[in-house]
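Participant: Once you've had a glance at the structure underneath, I'll fire off some questions.
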Amino acid sequence: MPPKVAPSMLASDLARLAEEARRMEQAGADWLHIDVMDGRFVPNLTMGIPVVQSLRRHTRLPLDVHLMVAEPERYVERFAQAGGDYIVVHAEATAHLHRTLTQIRAAGKKAGVALNPGTPLSAVEHVLDELDMLVVMSVNPGFGGQAFIPQALPKLEHAAKLLGSRLGRVELEVDGGVTLQNAPACRSAGASVLVAGTSVFTAPDPREAIAALRGGRA
Ligand code: DX5
Ligand code: ZN
């Protein structure tokens, strides 16, 4: 199965979000990835609940909401109501990961956990039954356009092993610095969702870029 491609809207022209979402939809994107930053868990501020709510009205694509936010449990219900489909929290950002994941599912949404490059996979070992997606960060979160950290590849392989028979039901996403050059390695390491910001939005033809990331042709 080719992986899904989720363009990161952070790399879009944020003054034209609806048009940019439509452009990605027409280019064959599977999901849209929304990077929410709070200036505390990460040293940057981006978009929040009203942006997700507005974007929801302009696209049918599933919204993959990546919360780079301290104590994300404070916002789960509001992002759910705003129209996120996957709600992803960082294991490093919540003291009660199991409870937060349960809270996301109770809000009727798919629950995801993201791990920083420095965080071991053992952080999710005991919450696998509560997971709909595991996100292996291939950059330190906070900014788009950073270089892919190669240690993410063996980590993806280990993550795929850890998920075992859950793979398929549980998505394995790689996020940060994904390009046409490293996408084949991400795919063979077991990623089922590729987040791509810069590499899709700066491509002369996003349709071709998305198809190539998936391992095919436009
Ligand atoms: C990093 C974000 C990523 C990033 C992806 O903090 O979580 O989603 O914006 O963008 P590129 O592909 O440009 O690294
Ligand atoms: Zn992200």
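The values are calculated or read from the model by the stated rules, or taken from the named source; none is laboratory data. It should be emphasised that the depicted structure is a prediction, and the values quoted were computed from it without experimental measurement. For neighbour counting, all protein chains shown are included, and Cβ atoms are generated from backbone atoms with ideal geometry for every residue, glycine included. To get the accessible areas, we keep the full protein, side chains included, count just its heavy atoms, and leave off ligands, DNA and RNA. Shrake-Rupley method; radii C 1.70, N 1.55, O 1.52, S 1.80 Å.
Participant: Would you mention how many residues in segment 132-180 are in contact with a Phe, Trp or Tyr (Cβ under 7 Å, 6 or more places away or on another chain) and surrounded by fewer than 15 Cβ atoms within 10 Å (Cβ to Cβ)?
Facilitator: Adding up the residues that qualify gives 0.
Participant: Another question, then. When you look at Val136, is it of a type in the set (A, V, I, L, M) and either within 12 Å of ligand 2 (Cβ to nearest atom) or not in a helix (DSSP H, G or I) (or both), yes or no?
Facilitator: Numbers: of a type in the set (A, V, I, L, M): yes; either within 12 Å of ligand 2 (Cβ to nearest atom) or not in a helix (DSSP H, G or I) (or both): yes.
The answer is yes for Val136.
Participant: Let me ask something additional. Tally the residues that are in contact (Cβ under 8 Å) with a residue 24 or more places away in the chain and open to solvent by 40 Å² or more (accessible area, probe 1.4 Å), restricting the search to segment 104-116.
Facilitator: Qualifying residue count for the region: 4.
Participant: Which ones in segment 87-103 are over 19 Å from Gln53 (Cα atoms) and open to solvent by less than 60 Å² (accessible area, probe 1.4 Å)?
Facilitator: Those that are over 19 Å from Gln53 (Cα atoms) and open to solvent by less than 60 Å² (accessible area, probe 1.4 Å): His90, Ala91, Ala93, Thr94, Leu97, Thr100, Leu101, Gln103.
Participant: Another question, if that's okay. Can you find a residue that is within 10 Å of ligand 1 (Cβ to nearest atom) and closer than 13 Å to His66 by Cα anywhere in segment 26-34? So that I can check it myself, show each step before the final result.
Facilitator: Of all residues in segment 26-34, those within 10 Å of ligand 1 (Cβ to nearest atom) come to 33-34.
Narrowing the set further to residues that are closer than 13 Å to His66 by Cα leaves 33-34.
Yes, because at least one residue in segment 26-34 is within 10 Å of ligand 1 (Cβ to nearest atom) and closer than 13 Å to His66 by Cα.
Participant: Within segment 1-25, track down each residue that is modelled with pLDDT under 95 and within 11 Å of ligand 1 (Cβ to nearest atom).
Facilitator: Selection gives nothing.
Participant: Just to check your reading of the model, which residue among Leu153, Leu163 is away from ligand 1 (no atom under 16 Å from the Cβ), at pLDDT 95 or above, of a type in the set (A, V, I, L, M) and in a helix (DSSP H, G or I)? Give the derivation first.
Facilitator: Working: Leu153 fails: away from ligand 1 (no atom under 16 Å from the Cβ).
Answer to the check: Leu163.
Participant: Against the condition open to solvent by 20 Å² or more (accessible area, probe 1.4 Å) and more than 22 Å from Val135 (Cα to Cα), how does Asp13 come out, does it pass?
Facilitator: yes
Participant: Just for segment 192-218: of the residues that are within 14 Å of ligand 2 (Cβ to nearest atom) and surrounded by 19 or more Cβ atoms within 10 Å (Cβ to Cβ), which one is nearest to His66 (Cα to Cα)?
Facilitator: Of all residues in segment 192-218, those within 14 Å of ligand 2 (Cβ to nearest atom) come to 193-201.
Then drop every residue that is not surrounded by 19 or more Cβ atoms within 10 Å (Cβ to Cβ), which leaves 193-197, 199-201.
Numbers: Val193: 13, Leu194: 13, Val195: 11, Ala196: 13, Gly197: 13, Ser199: 18, Val200: 18, Phe201: 18 Å.
This residue is Val195.
So that you can scan it fast, the table gives a plain yes or no per residue for (1) away from ligand 2 (no atom under 16 Å from the Cβ); (2) in a loop (DSSP other than H, G, I, E, B):
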{"residue": "Gly112", "(1), (2)": "no, no"}
{"residue": "Pro117", "(1), (2)": "no, yes"}
{"residue": "His126", "(1), (2)": "yes, no"}
{"residue": "Asn140", "(1), (2)": "no, yes"}
{"residue": "Phe143", "(1), (2)": "no, yes"}
{"residue": "Ile149", "(1), (2)": "no, yes"}
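Participant: Which residues, taken from segment 59-84, are touching a helix residue (DSSP H, G or I) at 6+ places or on another chain (Cβ under 6 Å) and open to solvent by 50 Å² or more (accessible area, probe 1.4 Å)?
Facilitator: Correct list: Glu73, Arg78.
Participant: Moving on. Within segment 172-200, count every residue that is hydroxyl-bearing (Ser, Thr, Tyr) and either over 18 Å from Trp31 (Cα atoms) or away from ligand 1 (no atom under 13 Å from the Cβ) (or both).
Facilitator: Counting residues in segment 172-200 that are hydroxyl-bearing (Ser, Thr, Tyr) and either over 18 Å from Trp31 (Cα atoms) or away from ligand 1 (no atom under 13 Å from the Cβ) (or both) gives 2.
Participant: Right, here's the next one. For segment 28-58, how many residues are surrounded by 20 or more Cβ atoms within 10 Å (Cβ to Cβ) and more than 14 Å from ligand 2 (Cβ to nearest atom)?
Facilitator: 2
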